[in-house]
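Trainee: Input: one structure, supplied below.
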Amino acid sequence: MTETTLTIRRPDDWHVHLRRDAMLEAVVGYTARQFARAIVMPNLAPPITTIEMARDYRAEIVAAAAAAGHPGFVPLMTAYLIDGIDGAMLARGHAEGVFVAAKLYPAHATTGSAHGVTDVARIYPALEAMERAGMPLCVHGEVTDPAVDVFDREAVFIERVLGQVVRDFPGLKVIFEHITTAEAAAFVESAGPNVAATVTPQHLHINRNAMFAGGLRPHAYCLPVAKREVHRLALRKAATSGSPKFFLGTDTAPHEVHRKEMDCGCAGIFNAPHALESYLAVFEEEGALAHFEGFASEHGPRFYGLPLNEGTVTLERVAQEVPARIEHGAISLVPFHAGQALNWRLV
Ligand code: DOR
Ligand code: ZN
């Protein structure tokens, strides 16, 4: 039997870039129409390093979502970890309900990471405070050593950094974000219950060939960069397995089209407009529709220790074509799957 509709508990997105100002206004509705809550990345200029900055940014997002017709949207804020950051401040922000988690960007690993951590030892006191406070750590897991091949940076990060952090802080909740390799999936599977991962739609759909298909394809470029096919298949297996350690985090990362299509174009794939339909295609192809709700709506809140959402969303089996461009005023964006057909549509 082929289902024609699928109704699941309202999902959340455990990793988004919403930006600020006109870009925020342009993109927030796409996330808010699908997801009740989202973990919001702090890699702005300047980065969100204090409780007050996070409060202000949260208010901006709530106002923009309301203006876009989604007054109930709940942004879950993160603190941007910098060398020597005060663990007591982080724990206070967590206790006050402002910081849901904190984010580790290795310095210069990706967009907006220039103020990131130069050596994980420099945030060890903060990690200790977070472990004590029950505050989760979100990790961009790539080494920045230029001697390491860009396709190996995630696997080497596990060897050089993440394995040790998990051993040194056995009580710390760690989210290995946007994993891209078989090594990362295996690491998470074999770690304790306090280690989980998010998986993006792009890393389930494309391998590194997509960046070079007939020419250079900037809209398939994000960080961590897509890897070989063997890794994509391992990610699909992990994400659709039903394991509570893997959950939805799109890493939607909008950049204006002229900032993508340029010499030294920005990393990031804008996948928010059809995120649920994109993931659902993967679960259907893998014969794992029964595990979709867990991945989208249950594993994330359980890991973070937050209540599951009330209410549902329904997807129907109706083909739709993803537009080549999405325009909002002066802002022009190319969405993930641009020009392609998707078999499901959010009702
Ligand atoms: O592709 C990416 N884009 N990866 C990141 O880690 C950051 C993000 C962004 O902010 O554009
Ligand atoms: Zn990201």
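Trainee: Picking from Ala281, Ala275, Ala238, which residue would you name as being within 19 Å of the chain's Cα centre (by Cα), closer than 17 Å to Ala38 by Cβ and in a helix (DSSP H, G or I)?
Mentor: Being within 19 Å of the chain's Cα centre (by Cα), closer than 17 Å to Ala38 by Cβ and in a helix (DSSP H, G or I) holds for just one of Ala281, Ala275, Ala238, which is Ala275.
Trainee: Restricting to segment 184-224, name every residue that is farther than 22 Å from Ala324 by Cα, open to solvent by less than 10 Å² (accessible area, probe 1.4 Å) and not small (Gly, Ala, Ser).
Mentor: Matches in segment 184-224: Val188, Val195, Thr198, Val199, Pro224.
Trainee: Additional query: Only residues that are of a type outside the set (A, V, I, L, M), touching a helix residue (DSSP H, G or I) at 6+ places or on another chain (Cβ under 6 Å), away from ligand 2 (no atom under 16 Å from the Cβ) and open to solvent by less than 20 Å² (accessible area, probe 1.4 Å): list them for segment 139-183, please.
Mentor: Selection gives Phe169, Thr181.
Trainee: Follow-up. Considering every residue within segment 60-72, establish whether at least one is within 18 Å of the chain's Cα centre (by Cα), under 20 Å from Met130 (Cβ atoms) and modelled with pLDDT of 95 or more.
Mentor: No; the residues of segment 60-72 include none that is within 18 Å of the chain's Cα centre (by Cα), under 20 Å from Met130 (Cβ atoms) and modelled with pLDDT of 95 or more.
Trainee: Regarding segment 44-57, can at least one residue be identified that is small (Gly, Ala, Ser), open to solvent by less than 50 Å² (accessible area, probe 1.4 Å), out of contact with any Cys (no Cβ under 6 Å at 6 or more places or on another chain) and more than 16 Å from ligand 2 (Cβ to nearest atom)?
Mentor: Of the residues in segment 44-57, the ones small (Gly, Ala, Ser) are 45, 54.
Subsequent filtering for residues that are open to solvent by less than 50 Å² (accessible area, probe 1.4 Å) retains 54.
Right, trim to out of contact with any Cys (no Cβ under 6 Å at 6 or more places or on another chain) and you get 54.
Among the residues that remain, those that are also more than 16 Å from ligand 2 (Cβ to nearest atom) are: 54.
Yes; the residues of segment 44-57 include at least one that is small (Gly, Ala, Ser), open to solvent by less than 50 Å² (accessible area, probe 1.4 Å), out of contact with any Cys (no Cβ under 6 Å at 6 or more places or on another chain) and more than 16 Å from ligand 2 (Cβ to nearest atom).
Trainee: Okay, moving on. Of all residues in segment 287-345, how many are acidic (Asp, Glu) and assigned to a loop (DSSP other than H, G, I, E, B)?
Mentor: Within segment 287-345, residues that are acidic (Asp, Glu) and assigned to a loop (DSSP other than H, G, I, E, B) number 1.
Trainee: Under 7 Å between Cβ atoms, which residue pairs at least 6 apart in sequence (or on different chains) link something in segment 208-225 that is without any contact (Cβ under 8 Å) to a residue 24 or more places away in the chain and farther than 22 Å from Val143 by Cα with a partner that is open to solvent by 30 Å² or more (accessible area, probe 1.4 Å) and part of a loop (DSSP other than H, G, I, E, B)?
Mentor: Close Cβ pairs satisfying both conditions: Ala210/Arg217.
Trainee: How many of the residues in segment 213-241 are hydroxyl-bearing (Ser, Thr, Tyr) and either within 21 Å of Val148 (Cβ to Cβ) or in contact with a Cys (Cβ under 8 Å, 6 or more places away or on another chain) (or both)?
Mentor: Selection size over segment 213-241: 1.
Trainee: May I ask you to say which residue of Ala226, Ala191, Ala196, Ala186 is aliphatic (A, V, I, L, M), modelled with pLDDT of 95 or more and touching a strand residue (DSSP E or B) at 6+ places or on another chain (Cβ under 7 Å)?
Mentor: Criteria check complete, one pass: Ala196.
Trainee: I would also like to ask the following. From Glu177, Glu154, Glu96, Glu128, which residue is touching a residue at least 60 places away in the same chain (Cβ under 8 Å) and closer than 23 Å to Ala54 by Cα?
Mentor: Checking each option against the conditions leaves just Glu177.
Trainee: List the number of the failed condition for Ser241; all other conditions in (1) more than 16 Å from ligand 2 (Cβ to nearest atom); (2) open to solvent by less than 50 Å² (accessible area, probe 1.4 Å) hold.
Mentor: (2)
Trainee: Does Leu24 satisfy being at pLDDT 95 or above and either within 16 Å of ligand 1 (Cβ to nearest atom) or closer than 29 Å to Ile123 by Cβ (or both)?
Mentor: Yes, satisfied.
Trainee: Scanning segment 243-265 for residues that are assigned to a loop (DSSP other than H, G, I, E, B) and either of a type in the set (A, V, I, L, M) or near ligand 1 (Cβ under 9 Å from one of its atoms) (or both), which turns out nearest to the chain's Cα centre (by Cα)?
Mentor: The residue in question is Asp251.
Trainee: Since Gly268 meets every condition but one in (1) crowded, with 19+ Cβ neighbours inside 10 Å; (2) away from ligand 1 (no atom under 16 Å from the Cβ); (3) outside any helix (DSSP H, G or I), which condition does it not meet?
Mentor: So Gly268 meets the others, but not (2).
Trainee: Here's something else I'd like to know. Give segment 99-132 a look and list any residue that's more than 16 Å from ligand 1 (Cβ to nearest atom) and surrounded by fewer than 22 Cβ atoms within 10 Å (Cβ to Cβ), or say none.
Mentor: Initial filter on segment 99-132 (more than 16 Å from ligand 1 (Cβ to nearest atom)): 99-100, 118-132.
Thr118, Asp119, Val120, Ala121, Arg122, Tyr124, Pro125, Glu128, Ala129, Glu131, Arg132, listed by residue number.
Trainee: Would you tally the residues in segment 225-235 being buried (at least 22 other Cβ atoms within 10 Å of the Cβ), part of a loop (DSSP other than H, G, I, E, B) and of a type outside the set (Lys, Arg)?
Mentor: Qualifying residue count for the region: 1.
Trainee: What single numbered condition from (1) farther than 30 Å from Gly287 by Cα; (2) touching a Ser or Thr at 6+ places or on another chain (Cβ under 7 Å); (3) not small (Gly, Ala, Ser) fails to hold for Arg19?
Mentor: (2)
Trainee: One residue is enough: does segment 208-215 have a residue meeting the conditions within 25 Å of Val120 (Cβ to Cβ) and not basic (Lys, Arg)?
Mentor: Scanning segment 208-215, I find no residue that is within 25 Å of Val120 (Cβ to Cβ) and not basic (Lys, Arg), so the answer is no.
Trainee: If you don't mind, another one. Please determine whether any residue of segment 317-338 is open to solvent by less than 10 Å² (accessible area, probe 1.4 Å), within 22 Å of the chain's Cα centre (by Cα) and without any contact (Cβ under 8 Å) to a residue 60 or more places away in the chain.
Mentor: Looking through segment 317-338, at least one residue is open to solvent by less than 10 Å² (accessible area, probe 1.4 Å), within 22 Å of the chain's Cα centre (by Cα) and without any contact (Cβ under 8 Å) to a residue 60 or more places away in the chain.
The values are calculated or read from the model by the stated rules, or taken from the named source; none is laboratory data. Given the structure is predicted, the values throughout are model-derived calculations rather than measurements. Cβ atoms come from the backbone with ideal geometry, glycine included; neighbour counts cover every protein chain shown. Please note that ligands, DNA and RNA were not included when accessible areas were found on the heavy atoms of the full protein model with its side chains. Shrake-Rupley method; radii C 1.70, N 1.55, O 1.52, S 1.80 Å.
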